[in-house]
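Single-structure report; data block below.
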Amino acid sequence: MTLTGKTAIVTGGSRGIGRAVCIALAEMGANIALIYAGNAEKAEETLRLLAAYPVQAKSYCCNVADFDAAKATVSEIHKTFGSIDICVNNAGITKDKLMLSMKPEEFAAVIDINLTGAFNILKQVYPVMAKQRSGKIINVSSVAGLMGNAGQVNYAASKAGLIGMTKSIAKELAPRGICCNAIAPGFIATDMTEAFQNQPEVMNAIPMKRMGKPEEVAALVAFLASPMADYITGEVIRIDGGMAM
Ligand code: NAP
């Protein structure tokens, strides 16, 4: 229980990787404030799973792309929990198509949630952690942000942007003992990748010949959030079964 008494914000905590992250952090003793976009049933399901742990957990419906909503939500979380020690920017969407047919609004929607959404949350979290002189920020990027991907101009740009944001914040906040890292998952079995599951061309691209599990990604996030990773900052860690090496 190395995170006992700490509070974690997990965006996109209602489903998939975010839900697994909430559970992994609660297993280590952290209180959980999860943010979701609108799927209240799934958020409730995550809260029910979190009830198995002796931690405080609450869900917040908030569109991270909306600066004022993010500001109000983080402020409410800070008031309710008393501190913000871990922030996992995990909320994300895809709107895949080749650039030729990608509409400007499809590019903007993905950037607004995946990249600006992380900025909006961190804009509020940053001063809290800076004042505390402690904190862990983990941004969920993607191998698409490292390698690019045909059909994902918007998504890859948002995830590459998150890496630049991660390294910049790491440099700004390192003197205050705050770590900011990114992770770059490959294909993980969630709603987002439903269409790709068990596709031969996907399996062929993964040296380990299987998709990752949300729990495997969550274990990496939990490690980065823990004191075991106190000297790691500005790093991007792939978790992809060897896909992008
Ligand atoms: P998912 O199952 O589709 O879940 C997406 C989560 O993000 C949901 O909790 C959703 O809330 C939330 N969300 C979406 N838009 C939001 C918004 N505007 N404001 C607040 N929350 C919002 O996705 P996932 O596969 O777990 O992916 C999680 C993260 O990992 C994403 O950033 C994704 O890009 C990244 N990633 C995933 C993979 C993969 O293979 N799955 C690989 C690399 C990176 P609702 O439930 O309310 O809709």
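Considering only region 98-112, I want to know if a residue exists there that is open to solvent by 10 Å² or more (accessible area, probe 1.4 Å), part of a helix (DSSP H, G or I), touching a residue at least 40 places away in the same chain (Cβ under 8 Å) and of a type in the set (D, E, K, R). Scanning region 98-112 turns up at least one residue that is open to solvent by 10 Å² or more (accessible area, probe 1.4 Å), part of a helix (DSSP H, G or I), touching a residue at least 40 places away in the same chain (Cβ under 8 Å) and of a type in the set (D, E, K, R).
For region 94-153, the set of residues classified as of a type outside the set (Ser, Thr, Tyr) and touching a Phe, Trp or Tyr at 6+ places or on another chain (Cβ under 6 Å) consists of Val110, Asn120, Ala144, listed by residue number.
Whether a residue is in contact (Cβ under 8 Å) with a residue 60 or more places away in the chain and β-branched (Val, Ile, Thr) was assessed, and Ile169 does not pass this test.
Taking the criterion of being of a type in the set (S, T, N, Q) and in contact with a strand residue (DSSP E or B) (Cβ under 8 Å, 6 or more places away or on another chain), the residues of region 164-211 that qualify are Thr166, Asn181.
Count of region 170-214 residues, restricted to those that are under 13 Å from Gly241 (Cβ atoms), open to solvent by 20 Å² or more (accessible area, probe 1.4 Å) and more than 9 Å from the ligand (Cβ to nearest atom), is 8.
Residues that are without any contact (Cβ under 8 Å) to a residue 40 or more places away in the chain and among the charged types (D, E, K, R) within region 214-226 comprise just one, Glu216. For the residues Lys42, Lys58, Lys6, the requirement of being crowded, with 20+ Cβ neighbours inside 10 Å, basic (Lys, Arg) and more than 13 Å from Ile121 (Cα to Cα) singles out Lys6.
For region 26-47, a residue qualifies if it is away from the ligand (no atom under 15 Å from the Cβ) and assigned to a helix (DSSP H, G or I), and the qualifying residues are Ala26, Glu27.
Pairs are defined by a Cβ separation below 8 Å, a sequence spacing of at least 6 or placement on different chains, a first member in region 116-144 that is at pLDDT below 95, and a second member that is open to solvent by less than 10 Å² (accessible area, probe 1.4 Å) and within 13 Å of the ligand (Cβ to nearest atom); no pair meets this definition.
Residues being within 16 Å of the ligand (Cβ to nearest atom), part of a helix (DSSP H, G or I), small (Gly, Ala, Ser) and crowded, with 17+ Cβ neighbours inside 10 Å are represented in region 114-122 by at least one member. The selection criterion, being under 16 Å from Gly18 (Cβ atoms), open to solvent by 50 Å² or more (accessible area, probe 1.4 Å), within 19 Å of the chain's Cα centre (by Cα) and modelled with pLDDT of 95 or more, does not hold for Lys95. Taken over region 50-74, the residue count meeting the criterion of being more than 19 Å from the chain's Cα centre (by Cα) and either within 15 Å of the ligand (Cβ to nearest atom) or over 22 Å from Val221 (Cα atoms) (or both) is 2. The set of residues from region 144-169 being open to solvent by less than 20 Å² (accessible area, probe 1.4 Å), hydroxyl-bearing (Ser, Thr, Tyr) and out of contact with any helix residue (DSSP H, G or I) (no Cβ under 6 Å at 6 or more places or on another chain) comprises just one member, Thr166. Every condition in (1) open to solvent by 80 Å² or more (accessible area, probe 1.4 Å); (2) in a strand (DSSP E or B) holds for Val88 except the one numbered (1).
The values are calculated or read from the model by the stated rules, or taken from the named source; none is laboratory data. In this text the structure is predicted, and so the values were computed from the model without any measurement. Cβ atoms come from the backbone with ideal geometry, glycine included; neighbour counts cover every protein chain shown. Note: accessible area is taken over every heavy atom of the protein model, side chains too, but ligands, DNA and RNA are not part of it. Shrake-Rupley method; radii C 1.70, N 1.55, O 1.52, S 1.80 Å.
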